[in-house]
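Participant: Take a look at the following structure, please.
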Amino acid sequence: MNILCIDDDAEYLLGLKLELKKSYHIYTALTLAEGFEILKSECCIDVILLDIGLPDSSGMEGLTKIKADYPSVDVVMVTAVRDPKFVVHAVRAGSSDYIVKPYAMDELVAILEKLQTIRTMRNRHDALVADLNPMDTKARLLGSSSIFRELLSQAARLKGHNANVLILGESGTGKELLARYIHGIEGNPSRRPFIAVNCAAIPEGLIESELFGHEKGSFTGAFERKIGKFELANGGDIFLDEISTLKHDMQAKILRVLQEKEIVRVGGNSTIHTDFRVIAASNMDLAQMVENNQFRMDLYHRIRVVQLVVPPLRERKEDIPTLIAYFLERYGKSGISKKITSNALTKLQNYSWPGNIRELENVIHSLSILTPGDVIEEKHLPSWALNGIGNGVKSNGVPAMSEITTSTTFKDYVNRAERSYIEHILTLCKGDKTKAASQMNIGRTTLYAKLKELGLETELKTN
C-alpha cells in the first residue's frame, strides 16, 4: 500500500518513514502543494496522512481539494486536539478516519490495516458485481448419463484441494459452468471470489493490464489505477478461458505468477503477494500445442494438476430430453412452457449438435418463440435438424456417419463441421459477427480468422 504523509514537521516525517517503510511504501511532503505534486506523479497513493495545520493551507481545505480530485484516496486526518466537532466536520468532508498526536505506532498501524482491508473488499465487490453472469449454472449441469455423472463426480473430489485445474472440451459444452461448480463446492462465496477472464476476448495490447492491473499514468489512457484480475482473485479462483490464445510472452509472465505467488502492476514497482487457484479451459488440444511449440510445456504442466474433459452433447444424447425440458420451461412465456412431440424430440436427439448445449439452448429458445400453438412438432424444426446425422443424409454440409469412408480425412470432416456450425450460428445471429463470436464463446479475431480459413469471408461479402 502506498502512503503519503503531509506534515510540516520534517523530523516527524522522517521518524514515520523509518517506522512504516518495512510494511508500506512511504512518500512525504512538507506542504499541500508538494503533496499534490506527488499525487500527480506516476505513483498511485492509497492513503494520505494529512496534518490539520499546514504552511500553505489548512488541513480541512486540503481534505476538500484531495477528495474533489482524488475521491478514491483514503485520507486520515492528523490533529493535536481531540475535538468532536472537528471529527464530525472531517468525516462529512470525506475523511476516512483521524488520529490524535501523540499516538502509539500500533494505533496508526491498526488504522492503516483497517483501511487496507476495506479497500480490498471494495475492489473485490466491484469485481464480483462486474462478473455477475446471468447464465444459470443448473442449465448445463443437468444430465443423468454415466459419462456426465462421472465428470461431476471427478469435479466433486476437488473439494478441499487447492490444485490447479485444466478443463478441456468443445465450445458450448459448459466449461465455465463446470468451473463455477468447482468453485462453488468449496463454500464461502463471499470470501472466495471467482474471477472469470476470457483470454480470447481481450485485445493483445490490454491483456497484461487486465490480468496484472496498472498504475495511473503507466500508459496512454491509464487515468487511474486498475486492480488486475490476479489481485482480485486473491483467496479464491481465477478462471482463464481460452488460455490457448495467449502469446508466449504472456504465458511466461503467468507462469512466474503461479510460481512466485507475486505480481507487479504495469507501470508499478511494488510487489504484491497473491494466492489463488487457476481453473483454465481450452477447446484446443494443449498437449498437441506443446508439441508444436505453440504453448509452453512448463505452464501446461503447472495448470494441469487435475484435468477434466467435458463430453460433447453428441456423446450424452440421453441427456438431451432433460435439457430440452429445462429450456422449454425457462423460455416459456408467462410461466407456460410449450410441449414437444416424441417424433420432434427423436429428430433433435439424432442431430449431431456441433455447437453443443449452447446451440441446443438457442434452438429451443427460437422454437419457443416462433412455434405457433403450444406444441412443437416435427414440421416446426429447422431443416438441418430434420435432415440431421443419423438419417444417412447431409446436415449443412456435415457428412452423416454412413457417408464416412476411409477416404474421408479427419481434417476434411472437421473443416466441414466447423463450416456448418459457423454458418448456422451466423444465421441465428442474422449475420452479426460480434454476437456470433459471443454465442460461440470465442473472440472476434478468432472468428474472423476462421471465416478466412474456411473461405466463408468471401462468400459473406458476396451474399
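The values are calculated or read from the model by the stated rules, or taken from the named source; none is laboratory data. Everything numeric in this text was worked out from a predicted model, so none of it was measured. Cβ placement follows ideal geometry from the backbone for every residue including glycine, while neighbour counts extend to all protein chains displayed.
Participant: Take PHE295 and tell me if it is within 23 Å of the chain's Cα centre (by Cα), in a loop (DSSP other than H, G, I, E, B) and hydrophobic (A, V, I, L, M, F, W, C).
Facilitator: yes
Participant: Could you please tell me which pairs satisfy a Cβ distance under 6 Å, a separation of 6+ or placement on different chains, a first residue in the range 162-174 that is of a type in the set (S, T, N, Q), and a second residue that is modelled with pLDDT under 90?
Facilitator: From residues that are of a type in the set (S, T, N, Q), the pairs are SER171/MET440; SER171/ASN441.
Participant: Can you name the number of the only condition in (1) buried (at least 18 other Cβ atoms within 10 Å of the Cβ); (2) of a type outside the set (S, T, N, Q); (3) farther than 27 Å from PHE223 by Cβ that MET1 fails?
Facilitator: Result: MET1 fails condition (3) only.
Participant: Can you name the number of the only condition in (1) modelled with pLDDT of 95 or more; (2) under 21 Å from the mean Cα position of the chain (by Cα); (3) assigned to a helix (DSSP H, G or I) that GLN307 fails?
Facilitator: Here GLN307 clears every test but (3).
Participant: Out of all the residues in the range 327-360, which are over 14 Å from HIS424 (Cβ atoms), polar (S, T, N, Q) and either part of a strand (DSSP E or B) or modelled with pLDDT of 90 or more (or both)?
Facilitator: THR341, SER342, ASN343, THR346, GLN349 - these are the residues of the range 327-360 that are over 14 Å from HIS424 (Cβ atoms), polar (S, T, N, Q) and either part of a strand (DSSP E or B) or modelled with pLDDT of 90 or more (or both).
Let's see how each residue does on (1) over 20 Å from PRO311 (Cα atoms); (2) in contact with a helix residue (DSSP H, G or I) (Cβ under 9 Å, 6 or more places away or on another chain):
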{"residue": "SER153", "(1), (2)": "no, no"}
{"residue": "LEU166", "(1), (2)": "no, yes"}
{"residue": "GLY172", "(1), (2)": "no, yes"}
{"residue": "LYS175", "(1), (2)": "no, no"}
{"residue": "LEU178", "(1), (2)": "no, yes"}
{"residue": "GLY184", "(1), (2)": "yes, yes"}
{"residue": "PHE194", "(1), (2)": "yes, yes"}
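Participant: Same structure, new question: What number goes with the only condition from (1) surrounded by fewer than 18 Cβ atoms within 10 Å (Cβ to Cβ); (2) in contact (Cβ under 8 Å) with a residue 60 or more places away in the chain; (3) of a type outside the set (Phe, Trp, Tyr) that VAL78 does not pass?
Facilitator: (1)
Participant: Quick one: in the range 223-241, of everything that is over 17 Å from TYR181 (Cα atoms) and among the hydrophobic types (A, V, I, L, M, F, W, C), which residue is farthest from the chain's Cα centre (by Cα)?
Facilitator: PHE223
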